[in-house]
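This report refers to the structure that appears directly beneath it.
The values are calculated or read from the model by the stated rules, or taken from the named source; none is laboratory data. The structure presented is a predicted model; accordingly, all values stated were derived computationally and were not measured. Cβ: placed from backbone, ideal geometry, glycine included. Neighbour counts: every protein chain shown.
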Amino acid sequence: MATFDASFCRDLARSAHTEWLETNGIGGYASGTVAGMPTRRYHALLVASLKPPTHRVATLMAMDETFTPPGGAQDDDAYAMSVFEYDGVVHPTGHLCLVEFASDPFPTWRWRLPNGSELRRELAIAHGENTVAIRYTLTDGPGGVLRLRPRLVCRDYHSLRRHDVGDHPAVTIDGRQLTASLGEYAPPLVIQHDADEADATEIWYRDVQYAVERKRGQDYAEDHLSPVEVATTLGGARNAVTLVATVGGDANRPAASLFEAGARRRSSERDGIRVAGDVPEPARGGLVDLAGRVSDYVVRRGDKRRTILAGYPWFADWGRDTMIALPGLTLAVGDEDAAREIIDTYARHCVDGLIPNRFPDAGEEPDYNTADATLWFVEAVRRYAEHKPQDAIAVDEWFPLLREVMDAHRRGTRHNIHLAEDGLLHAGDGASQLTWMDAKIGDWAVTPRVGKPVEINALWYSALRTVEGLARRAGDGATEAACAADAERARESFIARFVNAAHGGLYDVVDSPDGDDATVRPNQILAAGLHHRMLPNDAERDVVDLVRRRLLTPAGLRSLAPNHPAYCSVYEGSPAERDASYHQGPVWGWLWGPYFTALGNAYGRDAEYRATLVAALSALFSERDIRGIGGIAEIYDGRAPHAARGCPWQAWSVAEVLRVAWEEGLLERR
């Protein structure tokens, strides 16, 4: 549970930097900052997913909130509780009256106003539908009139609304209900309130600015439409007022039921999570927080089957991210059914021996532009099959598909992915970017890695051994023998080609258009961090030692060694500047997991290893920059203090910490 006191809340540099998130299990969410000031276009009190988990629409951006003491004038004596930025100026400054923010069981703000009144705002989001409830309660002090103005944007969550551009939502007000259109083929936004009175005077708030968008070099000004003001006298017989906002749900349902359900869900998600006794705080609580929020990422599609969203607020479901994150977000917390369902969903979309790299947010046809997502898919099957050996699906249904996958790679498939004569896997041509280091600016692939990338071939070998084992279980001797022979050939070639005897570690890519690339990157850690591995122990230790010296930080591994001329220590600037540095120095949180698995593989899992792992967990939870409460960011700056960048809640960053903690006996679910 994260709680922030008055000194934190009133320091806008910290409270507007720290973000909260509530998700609805189908891709929709509510999100904002501790201060209450929206700093991203993606912040809103309700982002609805119209085609779960995609087609996301920002609807209710924020509330304009004022409280007028008894006998006070509405304009002159009202206390502002909200916070916005206009042209670099923060106004109003309601954060200066905040005395506390708490994230659990749902986001809660508490204000102490100059006249001694204390008010609390709580927000709960329904699970499985696009509905949010907001409740204001006078908890102490004299009463007064609370006035609320909903601020609407009603647009695709990637875009911005401007008063002078495009069509605006048609708004109707009928008693205590407001309805705003979201387009011809979408249900409207409906807001139901129980306030005493309503004033249907329309206001446009012009040029509200989002600080994070400005820093990211994006358009950052937006206009908010407020079609109504509702007012309620609090104190005496009445101390609370509520609003329910929904897209496609029941706006008339009691708000109290949403808060009760939200509290039960958060409690149940943490029930049974056990952390080993030698894990101290804050790592102990941090692991419980991560494990208790896996449902943020494991969501249901429109067909009710589960998938994994790569991160919030802007990612949809990506094949590579899903398969890497799957063990930590499902098996580690005891949800084998979700793991099975997700694997099976991607199996159904396999084409030409490849699973999709991305299901686009707009819901178009999937993209098949990756060399590693399918190999991570095989690894996910291996983990599930070993965890649930009694489930016949791995042999009866997935093995025949994996046999086809291996054959497709052998003969060659899309994007020039094929098995070379030396038994190593080649991927890419021209300016393609098929590995996880996939930043591209126009036609320029920043880190193309065309040829034989080190982690692709580590994954290829592991996939061969996995399919060999499944073939043995299936009684398919021919496939078993073929995979065993190919694996041995790959192992011999890998050791001969990738081991960098002159400088230590492994080459990042061999047989690229520019020759063999000895750049020190973290990809080599997977050669020591997978279950099926090719390297002798001394070579594994060499890889781990090199990565530890050059790339390791408390938050994960740098994507490029600091002594390289292209190294970027800070991830910032325009979209092009950020894309150019994306894999050129920033720390990637998901690589924390492969490193500590590789460390255990190379040096053994003795008491010293366990102590090192526990210390690393402590450093992770105490030293990292917390941008998203309850999550781990996508990336961090390469230099200390390693500021959080990119997506604040990244699925594979969270999952890899949970996976390692689970596999090493530090975390379990009863």
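If I go through the stretch 166-193 residue by residue, how many of them are assigned to a loop (DSSP other than H, G, I, E, B), more than 13 Å from residue 250 (Cα to Cα) and not small (Gly, Ala, Ser)?
So the answer is 7.
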Q: Please work out which residue is modelled with the highest pLDDT, limiting yourself to the stretch 237-295 and to residues that are in contact with a His (Cβ under 9 Å, 6 or more places away or on another chain) and closer than 30 Å to residue 619 by Cα.
A: 295
**Q.** Candidates 413, 374 - the one that is in the same structural domain as residue 497 (by TED's automatic domain parsing), within 28 Å of residue 314 (Cα to Cα) and modelled with pLDDT of 95 or more
**A.** 374
Q: Give the residue, chosen from 12, 60, that is touching a Ser or Thr at 6+ places or on another chain (Cβ under 9 Å) and under 26 Å from residue 314 (Cβ atoms).
A: 12
Q: Look at the stretch 153-165 and say how many of its residues are more than 32 Å from the chain's Cα centre (by Cα) and not in a loop (DSSP other than H, G, I, E, B).
A: 0
Q) Residues in the stretch 333-347 that are surrounded by fewer than 22 Cβ atoms within 10 Å (Cβ to Cβ), touching a residue at least 12 places away in the same chain (Cβ under 8 Å) and in a helix (DSSP H, G or I): how many? A) 6
Q | Odd one out for residue 569 among (1) part of a helix (DSSP H, G or I); (2) farther than 20 Å from residue 545 by Cα | A | (1)
(Q) Filter the stretch 631-645 down to the residues that are assigned to a loop (DSSP other than H, G, I, E, B) and buried (at least 21 other Cβ atoms within 10 Å of the Cβ) and list them by number. (A) 631, 632, 633, 634, 637, 638, 642
Q: Assess whether residue 330 counts as being buried (at least 24 other Cβ atoms within 10 Å of the Cβ) and of a type in the set (Val, Ile, Thr).
A: yes
Q: Name every residue in the stretch 73-125 that is buried (at least 23 other Cβ atoms within 10 Å of the Cβ), part of a loop (DSSP other than H, G, I, E, B) and within 29 Å of the chain's Cα centre (by Cα), in order of residue number.
A: 107
Q. Restricted to the stretch 581-619, and to residues that are assigned to a loop (DSSP other than H, G, I, E, B) and in contact (Cβ under 8 Å) with a residue 12 or more places away in the chain, which residue is farthest from the chain's Cα centre (by Cα)?
A. 605
Q: Just give me the residues in the stretch 310-347 being β-branched (Val, Ile, Thr) and closer than 15 Å to residue 300 by Cα, in sequence order.
A: 322, 330, 342, 343, 345
Q: Would you please name the residue that is nearest to residue 461 (Cα to Cα), looking only at residues in the stretch 364-406 that are among the β-branched types (Val, Ile, Thr) and more than 28 Å from the chain's Cα centre (by Cα)?
A: 405
Q: Select from the stretch 196-219 the residues that are under 24 Å from residue 168 (Cβ atoms) and touching a Ser or Thr at 6+ places or on another chain (Cβ under 8 Å) and write down the one among them that is surrounded by the fewest Cβ atoms within 10 Å (Cβ to Cβ).
A: 202
Q.
Please verify whether residue 222 is touching a residue at least 24 places away in the same chain (Cβ under 8 Å), crowded, with 19+ Cβ neighbours inside 10 Å and acidic (Asp, Glu), treating the condition exactly as stated.
A. yes
Q | Single residue of the stretch 416-453 satisfying the filter (outside any loop (DSSP other than H, G, I, E, B) and at pLDDT below 95) that is surrounded by the most Cβ atoms within 10 Å (Cβ to Cβ) | A | 445
Q) Any chance the stretch 455-463 includes a residue that's in contact with a strand residue (DSSP E or B) (Cβ under 9 Å, 6 or more places away or on another chain) and more than 28 Å from residue 389 (Cα to Cα)? A) no
Q: State yes or no: is residue 65 under 22 Å from the mean Cα position of the chain (by Cα) and more than 24 Å from residue 358 (Cβ to Cβ)?
A: no
